[in-house]
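Colleague: To start, I am sharing the structure in question, which I have written as C-alpha cells.
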Amino acid sequence: MSEEAADEARARAEAAAWFARMRGPDAPGLAAEFELWRSADPANHLAYARMLKRWDQSAFLTNSALGRGRDLGRARRTPVTSALRYLAGAAVFAVLGLVGAFVLDRTRPVAGPVTTATSVASPRGQIRTVRLDDGSRVTLDTDSAVDLAFTQAERRLTLEHGRVRVDAAEDPARPFVVDVPGGSIFARQALFDLRPGQGGVEVALLRGALDVTPARAAGARRAVPLGHYVLLMPNGSLAQPMISSGAQLDWAKGMVSFDGDRLADAVAAINRHNARQIELGSRDLAGLRITGAFHVADPDGFADTVATMFGLTASRPNERTILLRKKS
C-alpha cells in the first residue's frame, strides 16, 4: 500500500471513530479535541466530510421503499453500553451508505422529512442550469458534476469535477454549504463560481456574501470580497483575494474570454466544449498570445479568427479536426 493510500485509510478509520464519538453522550466535551483532529490534516477534513455525506444518504435510505419494508420490530433487543451502541450505529450507517449508492434514485427527490439527495451532471459541449427544490440554481459548465444532499438543517453541495455557478436562495434556517478539496464554503443568499485552477479551487463571489473555511483553520471563516476570487488549495491553505476578470465569469453565457492567454490554453478551452477539435501544426504556435471573446460552441469561428490574427491557415483534414498551421 502506498503512503498516500495508507494515509487515506487511516483518515477514514479515524473519521468513523470520531463520527461515533460525536453522536454519543460525551460529544459536548470532545468538541475542542475533535476540531483539533479535523484541522490537523486535510485528509481528516475530507474523510469526515465524506462520512457526513454518507450519513445523509443513509437517512434518505430509511425513507425509501427498501427501508420501510424492513421489519425492524423483529430485531433483538440486547442491552449494550453507550459506547458500543454508537460504534455499532457508525458501522450500520457505513453499510447503508454503500447500499444507498446502488438503490437511491439519484435523479429525483426522495419522500420524507429531508428534501433532496441527487447528483447533477452536464455532458460535454453543454452548459446546463438546474433549479433546485429550495429555489436555488446551479449552472454547470461542460463536463461538470456535483452531488447535492439537502436536509432540514443545511443544504450541502459537493463539487465532483468541472466548473459550476451557484445561485443560492435565501433560507435563514439552512445555510448553503459547499465541500471542495481543502475546505468548505458557506453562503445564505449568494451568487458564486467554483472552478478548479492554479492547483486549487477558485471561489469567486458575484453577489451577496460568502465565507470560506480552509481545512487548516477549521472553524475560522474568511469572507470573500464582492467581485473577487480566492484560491483554496488542497492542503487547506487560502490565497489572498484577487479581482475577478471577465475571462473567469463569462463562461455561463456560453462565452470564453482571453486576455493575453497562450494560444495553446485558449485552444484547450474551446476544445473542452466541442467534438470538433482544433490542433496546432507546430509547437511554436502554442506560445502566441491571444485576446478576445469567443463563443465556446463555435470552433470554426474561433479557428478562422485566430488564423486571420496571426497569418495562419485553418484547414479541415476531416470532419472532426481543424488544423492551424503556418502558411507555406
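Colleague: Which fully enclosed strands (runs of 3 or more DSSP E) of the stretch 128-191 have 3 or more residues being under 16 Å from T213 (Cα atoms) and in contact with a strand residue (DSSP E or B) (Cβ under 9 Å, 6 or more places away or on another chain)?
Modeller: Those strands (runs of 3 or more DSSP E) span 155-161, 176-180.
Colleague: Could you go through the stretch 298-306 and let me know if any residue there is among the aliphatic types (A, V, I, L, M) and either farther than 25 Å from I127 by Cβ or surrounded by fewer than 16 Cβ atoms within 10 Å (Cβ to Cβ) (or both).
Modeller: No, the stretch 298-306 has no match at all.
Colleague: If you don't mind, there's one more thing I want to ask. Among L231, L226, which is under 18 Å from L46 (Cβ atoms) and out of contact with any helix residue (DSSP H, G or I) (no Cβ under 9 Å at 6 or more places or on another chain)?
Modeller: L231
Colleague: Which of the residues spanning the stretch 183-234 are within 19 Å of W251 (Cβ to Cβ) and in contact (Cβ under 8 Å) with a residue 60 or more places away in the chain?
Modeller: Scanning the stretch 183-234 gives no hits.
Every residue, every condition in (1) among the hydrophobic types (A, V, I, L, M, F, W, C); (2) closer than 18 Å to A252 by Cα, yes or no:
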site: D265; (1), (2): no, no
site: I270; (1), (2): yes, yes
site: N274; (1), (2): no, yes
site: E279; (1), (2): no, no
site: R283; (1), (2): no, no
site: T291; (1), (2): no, no
site: H295; (1), (2): no, yes
site: D300; (1), (2): no, no
site: A303; (1), (2): yes, no
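Colleague: Any idea which residue in the stretch 189-210 is modelled with the highest pLDDT, counting only those that are of a type in the set (D, E, K, R) and crowded, with 18+ Cβ neighbours inside 10 Å?
Modeller: D193
Colleague: Next question, about the same structure. Among the residues of the stretch 249-266, is any among the aromatic types (F, W, Y), at pLDDT below 90, part of a strand (DSSP E or B) and in contact with a Lys or Arg (Cβ under 9 Å, 6 or more places away or on another chain)?
Modeller: Yes; the residues of the stretch 249-266 include at least one that is among the aromatic types (F, W, Y), at pLDDT below 90, part of a strand (DSSP E or B) and in contact with a Lys or Arg (Cβ under 9 Å, 6 or more places away or on another chain).
Colleague: Which of the numbered conditions does F294 fail, given that it passes all the others? Conditions: (1) assigned to a helix (DSSP H, G or I); (2) within 30 Å of L191 (Cα to Cα).
Modeller: Every condition holds for F294 apart from (1).
Colleague: Is it the case, given these coordinates, that S282 is among the hydroxyl-bearing types (S, T, Y), over 30 Å from D7 (Cα atoms), exposed (fewer than 13 other Cβ atoms within 10 Å of the Cβ) and in contact (Cβ under 8 Å) with a residue 12 or more places away in the chain?
Modeller: yes
Colleague: Another question, if that's okay. Is there a residue in the stretch 213-222 that is in contact with a Gly (Cβ under 8 Å, 6 or more places away or on another chain) and at pLDDT 85 or above?
Modeller: Yes, that holds for at least one residue.
Colleague: Looking at the stretch 143-175, which of its residues are more than 14 Å from the chain's Cα centre (by Cα) and either surrounded by fewer than 22 Cβ atoms within 10 Å (Cβ to Cβ) or of a type in the set (D, E) (or both)?
Modeller: T151, Q152, A153, E154, D167, A169, E170, D171, P172, A173, R174, P175
Colleague: Take the residues of the stretch 311-328 that are touching a residue at least 40 places away in the same chain (Cβ under 8 Å) and of a type outside the set (A, V, I, L, M): which is surrounded by the fewest Cβ atoms within 10 Å (Cβ to Cβ)?
Modeller: E319
The values are calculated or read from the model by the stated rules, or taken from the named source; none is laboratory data. Just so it is clear, the structure is predicted and the values come from calculations on it, not from any experiment. Backbone-built Cβ (ideal geometry, glycine too); neighbour counts: all protein chains shown.
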